[in-house]
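Colleague: Below you will find the structure I want to go over with you.
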Amino acid sequence: MPRTPLSQARRQARRQERPAATVGAMRDGAALDQAALDRTEPDRAALDRTESDRAALDDAELLSARAALAQGRRQAARSLLARTGDDWDRRGHRITVLALEPYAAAWAHAWLVAEPDSADAAVLLALAQVRRALRGRQTPAAARAACRAAAAAAPADPTPWLGLLMLEREGTADAVRIFEEVRARHRDHHHAHHRMIALLAERRADAGPDPLHEVYDFAAWAAEQAPADSPLAILPIVAHAERYRALAVRGHAPADPTTALHWRDHRAADVMKAAFDWWLEWEHDGHPRLLVDLNFLAHAKFCEGLPAEAATLFRRIGDHVTPAPWSYPDRDPYAAFHAARTAALGHERPGGDRRGGEGRRPRRPRHRPTGSPEAGEPESPEAGEPESPEAGEPGGRRT
């Protein structure tokens, strides 16, 4: 049987018994210490609310529920999650944003006390504890216990497993195993694929550029396995940005991404063009994380030195900036975004963008990025080597 990037990593995973998950594991320490801590940090709480507002992107219902939650009213969040149902990408997006609210863990704890059988309360509490752990306000072990308890309360929901994946720091076999749990519940989970790519990009980053790195294979494999109209088609672009980040923070790539050869090798250009053409043909306005993809694509086009195409994307994005990838490797994402947008719009041709006006796109042959980018890493002498063998099983994409 042909090996896939997942099957190779799975063979390395150690089999471990899962600790017993109980609602009590989620409740311990979830509320009392947080309220006291956050009251001593009003500036931090205000920054957290700004972060969650931006993270909501263009989801007006989510913004409304988050505002109500900030005022101590959880009914709006409760109703929102009930309406979201098993739209797993949207559910994951909404819960992770609600979890950014500084008092989310305390309010989710109170909700769970009032409704001990509420899976929504259990999952929100788990993701809120993940956020607290990532900020250093709680131990990762406690957050992992909360996620496992939520997974037991909502066995069909991939969101608790997404929380576990967010706690991973490297692309280890354990991270692959968690990712497979997400994928078993929702094969095309958008956030989990982005997170897995970020983790894989860390592998052997200290060794410097490697145009045959496995993150490119994984991205190409995942894009090929997805339906033709899936936003996972953008994953090769995400892999390129995440690998740049991993290299740049270690000094193997320029701090200014626009000066890195990483974006300008001919194979990188092929991937960028294919992703842009895919967007022109297939864009889904209703996907909850569409603007995440558009930020990655605009960043890639700008770094590639194609400001006219970047301008098209900046117009579509509006003010919905996402920290990734504009913060890479260590930049103010909002300053970087606005500088790039100003420069790109200044290069626009008279008469508007390539989409022919508001909301209209030219029809193009249906093309999507299916090959591994294996683009030349920044300043790498290996940039011109042949493409690596295609990753994954040879079957066609799903329809």
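Colleague: If I ignore ligands, DNA and RNA and count only protein heavy atoms, how much of Asp332 is accessible to a 1.4 Å probe, in Å² to the nearest 10?
Modeller: 90 Å²
Colleague: Moving on to the next point. What number comes out for accessible area per residue over region 84-157 if the probe is 1.4 Å? Units Å², please.
Modeller: 30 Å²
Colleague: For Thr139 and Arg204 in one chain, what is 0.36 nm times their gap in residues minus the Cα-Cα distance, to one decimal in nm?
Modeller: Numbers: separation 65, 0.36 × 65 = 23.40 nm, distance 2.68 nm.
Length gained, Thr139 through Arg204: 20.7 nm.
Colleague: Still on this structure: What distance in nm separates the two pseudo spin-label positions at Asp87 and Tyr334, each 7 Å out from Cα along the beta-carbon direction?
Modeller: 2.8 nm
Colleague: Continuing with this model, one more query. I need the phi-derived Karplus couplings for region 115-123: 6.51 cos²θ - 1.76 cosθ + 1.60, θ = phi - 60°, integer Hz, Gly and Pro marked x.
Modeller: Calculated HN-Hα couplings, in order: 10, x, 9, 7, 5, 4, 5, 5, 6 Hz.
Colleague: Can you give the accessible area of Thr139, probe radius 1.4 Å, in Å² rounded to 10?
Modeller: In the full protein context, Thr139 sits at about 80 Å².
Colleague: Give the separation of the Cα centroids, region 48-112 to region 246-293, in Å.
Modeller: Measuring centre to centre over Cα atoms gives 29 Å.
Colleague: I'd like the accessible area for Cys147: 1.4 Å probe, protein heavy atoms, all chains in place, Å² to the nearest 10.
Modeller: Around 0 Å² of this residue is reachable by solvent.
Colleague: Accessible area of region 189-308 with a 1.4 Å probe: how many percent of it is carbon plus sulfur?
Modeller: Answer for region 189-308 is 57 percent, counting heavy atoms of protein chains only.
Colleague: Under 5 Å between amide H atoms, partner at least 5 residues away or on a different chain: which partners does Ala226 have, H built in plane at 1.01 Å?
Modeller: Arg398
Colleague: Could you give the length gained by full extension between Asp256 and Lys273, i.e. 0.36 nm per residue of separation minus their alpha carbon distance, to one decimal place?
Modeller: Full extension from Asp256 to Lys273 adds 3.9 nm.
Colleague: Turning to a different aspect of this structure: Convert each backbone phi in region 208-220 into a coupling constant with the Karplus relation 6.51 cos²θ - 1.76 cosθ + 1.60 (shift: θ = phi - 60°), then list the ³J(HN,Hα) values in order as whole Hz, x for Gly and Pro.
Modeller: Per-residue couplings from phi come out as x, x, 8, x, 9, 4, 5, 4, 5, 4, 4, 4, 5 Hz.
Colleague: In addition: If a/c stays under 1.5 just call it rounded; otherwise compare a/b with b/c (prolate if a/b is bigger, oblate if not). Do that for region 139-243, with a ≥ b ≥ c from the square roots of the Cα gyration tensor eigenvalues.
Modeller: In terms of gyration-tensor shape, oblate.
The values are calculated or read from the model by the stated rules, or taken from the named source; none is laboratory data. Model, not experiment: these values are computed from the prediction. Cβ: placed from backbone, ideal geometry, glycine included. Neighbour counts: every protein chain shown. Each accessible area value is taken on the protein alone, full model and side chains, heavy atoms only, with ligands, DNA and RNA left out. Shrake-Rupley method; radii C 1.70, N 1.55, O 1.52, S 1.80 Å.
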